[in-house]
Amino acid sequence: MEAIQNKELIKGGEFLIKEIEANEIFIQEDFSEEQLMMAQSCKDFIAKEITPRLNEIDSQKDGKLMGELMTKVGQLGLLSVGVPEEFEGLGMNFNSSMLVAEALGGAHSFAVAFSAHTGIGTLPIQYYGTQEQKAKYLPKLGSGEWKACYCLTEPDSGSDANSAKSKAVLTEDGKHYIINGQKMWITNGGFADVFIVFAKIGDDKNLTAFIIDKEMGGITMNEPEHKMGIKGSDTRQVFFNDCKVPVENMLSERGNGFKIAVNILNIGRIKLSASVSGGSKTALNHAVNYAKERKQFNVSINTFGAIRHKIAQSAIRIFATDSANYRCGQNIDDAFEAFQAAGMDVAQAKLKGFEQFAIECALMKVHGSETLDFVTDEAVQIYGGMGFSADAPVDRCYRDSRINRIFEGTNEINRMLAVGTIIKRAMKGELDIMASALAVGKEILSVPSFENDFSTDLFAAEKKVIKNLKKTILMVAGAAVQKFTTKISEEQEIMMNLADMIIEVYVAESTLLRVEKLIGIKGELAYSVQKDIALVYLQEAVTNIENAGKDAITSFATGDELNGMLMGLKRFTKIAPFNKKDARERIAAAVIEKNEYCF
């Protein structure tokens, strides 16, 4: 399938300074019949094996049931989607694994176990392992015969992962490492056969990674943690007590563990965004069904404007998340191909691709998890008092949602990571952000043009708005960097303001381009509701960017600089009025008619 007509590659973060065309992005509607059938298999598995047993899954104490379910999903081939064919996997592209993550995203605790196994549990071996390690582990991990977990976090090392205290000491005969340490919040720990463990050798500054088989011994663990949500996820503290690990089980090179952790987390972030999108759809579907059945004043509450507003807003944010997720996924896939064509081996090319789009992965982790929180909160509100009852399905949706703003690096860390990476790349000359920011600075000092744009191209006016929103970001970021220079990373509130602006422009542009591509295929009439979604999202993105921009500017600019930047902000955040209320009504009507999220 060749979904993308123009294969000109863009760099991670380059969307800020480059105009993207609709035919350059991948959209959800581009998936093949085979890929959609695979997604349907995931949904069928949830309906048959997960939904009827949610209470049983949440009340399990030993992880045995979750292990059995992982075996079953492995027998369907869903654990091996991204595993190379030479290691008995399906060898499908990254966007296919994103689709599977989304399709299983409504499986609550099972989705967490699945993601931990296929992502942080399997990928370190797939991308950093030797041929012997891959041959030994990947076939059994892909089939579900073996289950995996990832042991990085420690009681005193969370976001600062490289400060971990676990130690690995080489034996006198040089054949084994003796590992001692404590890990916490280890998903799948209770039933895992394979542990990806990070420890320091001697006085090394950086961690080293190891593959540890459960049968090696020296592994003990606490009882499962009592958690706010994802109660069925087997999460434990794991202790390594003189665990004897063969030297050939070192993963990659000595001291390369921190790099492995960072790169694997990049992958986990964008896949988490796909997964939580599936969870958002599940929560919205519950709410829509309940709104149809629940009657007040002798009518279904889905006829009330306030309820329809909530349904529409939820659908808009889900659609926008999907639009940006699969755009990013395809960019990563295209980067894989380009790096391979340049002579890199497969694993190295994939790692380089993920590293290239670390910015977008971080942005989407934030956006996706906050969309899920928004949707689940609105679902509880639609249920009213019943939503606060543990007997209602949205109770579990709400509790399970909250962890996702902490998983894979907190949203605050990811916001600062994304902006920090953009600034670093700009400083290195990898992104021509500075030249673009200087050009915007000159434009602010010039007399505004009052010429009308008479272009008849679809979304010409909206694309001009997107272009100006990017100028807003460049203006604020350029001034902030000039003000604080290398200490900009210490200005965390400004960094988060910038991140919010960048997220909104990336997602708004992705949504607009998706709808433009759809209309180009079947015409405006066929996708009029999707057009409403794109236009409402853009209107709200402008407001959010203006507010975040104002917060940032007023926190560091004074006098003439302040006045000039506020004038620039006002100029670059102009947008023609649009009746969002009627658009939301049309969006809600479409969802209510189908009785589910239908885009």
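The values are calculated or read from the model by the stated rules, or taken from the named source; none is laboratory data. Worth saying up front: this structure is predicted, and the values here are computed from it rather than measured. Cβ placement follows ideal geometry from the backbone for every residue including glycine, while neighbour counts extend to all protein chains displayed.
Within the range 582-597, take every residue that is surrounded by fewer than 19 Cβ atoms within 10 Å (Cβ to Cβ) and in contact (Cβ under 8 Å) with a residue 12 or more places away in the chain and give me the one that is farthest from VAL536 (Cα to Cα).
This residue is ASN595.
Looking at the range 222-245, which of its residues are closer than 18 Å to ILE406 by Cα and part of a loop (DSSP other than H, G, I, E, B)?
GLU225, HIS226, LYS227, MET228, GLY229, ILE230, LYS231, GLY232, SER233, ASP234
Return only the number of the condition from (1) in contact with a helix residue (DSSP H, G or I) (Cβ under 6 Å, 6 or more places away or on another chain); (2) assigned to a loop (DSSP other than H, G, I, E, B) that LYS205 does not satisfy.
Among (1) in contact with a helix residue (DSSP H, G or I) (Cβ under 6 Å, 6 or more places away or on another chain); (2) assigned to a loop (DSSP other than H, G, I, E, B), the lone unmet condition for LYS205 is (1).
Among GLY74, GLY91, which is the only one that is part of a loop (DSSP other than H, G, I, E, B) and either closer than 22 Å to PHE319 by Cβ or under 25 Å from the mean Cα position of the chain (by Cα) (or both)?
GLY91
Among the residues in the range 391-413, are any without any contact (Cβ under 8 Å) to a residue 12 or more places away in the chain, part of a loop (DSSP other than H, G, I, E, B), in the same structural domain as LEU562 (by TED's automatic domain parsing) and out of contact with any helix residue (DSSP H, G or I) (no Cβ under 7 Å at 6 or more places or on another chain)?
no
Taking into account only those residues within the range 142-153 that are touching a Gly at 6+ places or on another chain (Cβ under 7 Å) and surrounded by 22 or more Cβ atoms within 10 Å (Cβ to Cβ), which is farthest from PRO124 (Cα to Cα)?
Looking at residues that are touching a Gly at 6+ places or on another chain (Cβ under 7 Å) and surrounded by 22 or more Cβ atoms within 10 Å (Cβ to Cβ), I get GLY144.
Out of all the residues in the range 498-517, is one or more closer than 21 Å to ASN414 by Cβ and in contact with a Gly (Cβ under 7 Å, 6 or more places away or on another chain)?
yes
Out of the residues in the range 27-57 that are crowded, with 18+ Cβ neighbours inside 10 Å and not in a helix (DSSP H, G or I), which is farthest from the chain's Cα centre (by Cα)?
Ranking the qualifying residues of the range 27-57, first place goes to PHE31.
Based on what the data block shows, is ALA526 closer than 24 Å to ASP551 by Cβ and either over 24 Å from the mean Cα position of the chain (by Cα) or part of a helix (DSSP H, G or I) (or both)?
No, not satisfied.
Please note which helices (runs of 4 or more DSSP H) are completely contained in the range 96-182 and include at least 2 residues that are within 30 Å of TYR597 (Cα to Cα).
Once the helices (runs of 4 or more DSSP H) in the range 96-182 are filtered for at least 2 residues that are within 30 Å of TYR597 (Cα to Cα), what remains is 109-116.
Is one or more of the residues making up the range 415-426 touching an Asp or Glu at 6+ places or on another chain (Cβ under 9 Å), surrounded by fewer than 23 Cβ atoms within 10 Å (Cβ to Cβ) and either over 18 Å from LYS550 (Cβ atoms) or at pLDDT below 90 (or both)?
Yes: one or more hits.
Answer yes or no as to whether ILE267 is aliphatic (A, V, I, L, M) and not in a loop (DSSP other than H, G, I, E, B).
yes
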